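Working notes, structure below.
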Amino acid sequence: MTRHFRHASLALLFLCGGAITALLAPSAGVSSLLNEVPRYLIALAGAFAFYGLAGIVVVRAPDACSSRAGLAAILGVALAARLSLVSAEPTLSTDLFRYLWDGKVAAAGHNPYAFAPDAPELAPLRGPFWHRISYRSVRTPYPPVAQALFRLAAGIRQDDPIALKLLLVAADLAAVLALIGLLRRARRPAAHALLYAWNPLVISETALSGHVDALGVALFLLALLALERDDAAGQTAGALLLGLSLAAKPYALAALPVIARWRGLRVASLALAVAALTLAPYLDAGEHLMGGARAMARRWRNNGSLYEILYPALVGRVPFPGRTSRRILAGLLAAGCLLLARRPVDGREDLWRRLYHAFLLSLFTSPVAHPWYLVWLAPFLSLSPAASGFAFTALVSIKHLPRWLPPSIPVRLWVQYAPVYLLLAWEWWPRRKRRAGKPEGSEG
């Protein structure tokens, strides 16, 4: 690599990072993005274009981008882009206001699982954001480790979205550092962490909307990093971190069969035990402990993929089409995740590809697939890059368009999912042919 090429690559990388930040930052100044969805999506599309160019630079000049200067640029832009958005009040989602409320309830000495936000017992706590909380008659669905973060933010400053967002940004940057560690252990260019760190969807959903998924993802990646070690301490630490990830948001459940195949049932069992133990401080909520989670699992429906095909097909044919659809898809998810774990794991690349497909399957089978759920998928764009994943993260924000499109035409679902399924088939077919061509008895 010539010195000129190295400098040109770093300069282009800086340019792309600056453009991503410049395109996303104005969203912080919009009073209500719900009223400016087309404008937001255009800015997001522009940011994705520069993100794609930055990805090409990283692939074509991995040594330059993985140098000290390159990694400093990657981390610096990741931080700057996120900080440019933390001052914005979320409008595309109201989840952050529930987080603030739960933290405030805990800080006042109450069990956040015991009462719904509209309970008269909590009326004295109502503050400036109470009216922004969605589903005020439903108890919190958020697990204990997420609650610990909400309580920490309330201890810093109550009713302050910025305090909580800064904690989430810190968790997100920890995820980037964990990715760098995983890439280095695999002797892959550390600069590939950019494919997560600069992903406009990840930046927006963490720093603009303030979703707690960033915490769960960081804990999950730290768990993978710890599980890279073969000694007992590494395995135990990995199981502990995995359990905490499950107790931040339980999406990593889909990954457990593959992790059990990789590191053994002991690790998966210990992780589940840790997640269960985090509920102990809240047991005085009694039957209400899981009330919010049950309500979400039984009733929520938004932007699903397979659900929006299956449910209409069952209406009028079975007594409870919604419940039946959820059970069928839950069975499909369980079967698919077990199928992904049927063979021994053949190295890191195989592990990461299987985990990617496990998270992808969980998104496809869920009745709810909000854009921020894809933060769980995004790390695998760095570890096991797939065109289907890049397309999904780029297209999923079209979900915000319903009020701008005719309600009878599911355009947004077709635009989001059709390219992803086509690309997934394009990725899968050559791999299937290669596996079919292996000698009898060989492992994949």
**Message:** Run the simple label-point estimate for Val59 and Ala418 please: 7 Å along Cα→C-beta, distance reported in nm.
**Reply:** 2.5 nm
**Prompt:** Given the Cα-Cα distance of Ala313 and Leu15 and 0.36 nm per residue of separation, how much length would full extension add, in nm?
**Reply:** 102.4 nm
**Asked** Taking neighbour counts of Cβ atoms within 10 Å as a proxy for exposure, in what order, fewest first, do Asp346, Asp172 appear?
**Response** Asp346, Asp172
**Item:** Inter-label distance, nm, simple model (7 Å from Cα along the C-beta direction), Glu36/Ala72
**Value:** 3.4 nm
**Prompt:** Cα gyration tensor of the stretch 239-392, axes a ≥ b ≥ c as square roots of the eigenvalues: rounded (a/c below 1.5), prolate (a/b > b/c) or oblate?
**Reply:** oblate
**Prompt:** What is the calculated FRET efficiency for Trp426 to Ala45, with r their C-beta to C-beta distance and R₀ = 25 Å, to the nearest 0.05?
**Reply:** 0.65
**Prompt:** Under 5 Å between amide H atoms, partner at least 5 residues away or on a different chain: which partners does Val368 have, H built in plane at 1.01 Å?
**Reply:** Asn302
**Theoretical gain in end-to-end length, Asn302 to Leu152 [0.36 nm per residue, Cα-Cα removed]** = 51.0 nm
**Request:** Once you have the Cα-Cα distance between Val368 and Thr94, take 0.36 nm times their residue separation minus that, and quote the gain in nm to one decimal.
**Result:** 97.1 nm
**Message:** Charges at C-beta only: +1 for Lys and Arg, -1 for Asp and Glu. How large is the resulting dipole of the chain about its Cα centre, in Debye rounded to 20?
**Reply:** 1000 debye
**Message:** Applying a 10 Å radius around every beta-carbon, put 133-140, 198-205, 122-129, 219-226 in order of their mean neighbour count, most first.
**Reply:** 198-205, 219-226, 133-140, 122-129
**Prompt:** Between rounded, prolate and oblate, where does the stretch 249-295 land on the alpha carbon gyration tensor, with a ≥ b ≥ c its root eigenvalues, rounded for a/c under 1.5, else prolate if a/b exceeds b/c?
**Reply:** oblate
**Message:** How are the alpha carbon pair distances in the stretch 3-429 distributed across 10 Å bins from zero to the largest one, expressed in percent?
**Reply:** 4, 21, 32, 28, 12, 2, 0
**Fill in**
GNM on the chain, Cα springs under 10 Å; top mean-square fluctuation among Pro112, Pro367, Pro26 goes to Pro26
**Request:** Please identify, among Ala148, Ala425, Ala114, the residue showing maximal mean-square fluctuation in a Gaussian network model of the chain using a 10 angstrom Cα cutoff.
**Result:** Ala425
**Item:** Max mean-square fluctuation residue, GNM over the chain, Cα-Cα springs under 10 Å, options Ala358, Ala47, Ala116
**Value:** Ala116
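Using the Kyte-Doolittle scale, find the helices of the chain whose mean hydropathy is at least 0.5 and whose Cα atoms extend 15 Å or more along the helix's long axis, counting only whole DSSP H runs.
Both cut-offs are met by 3-24, 37-60, 68-83, 144-156, 161-185, 213-227, 232-246, 265-277, 321-340.
Values quoted throughout were computed directly from the atomic coordinates according to the rules given, and no laboratory measurement underlies them. Here the structure is a predicted model, which means the values were calculated and not measured. Cβ atoms come from the backbone with ideal geometry, glycine included; neighbour counts cover every protein chain shown.
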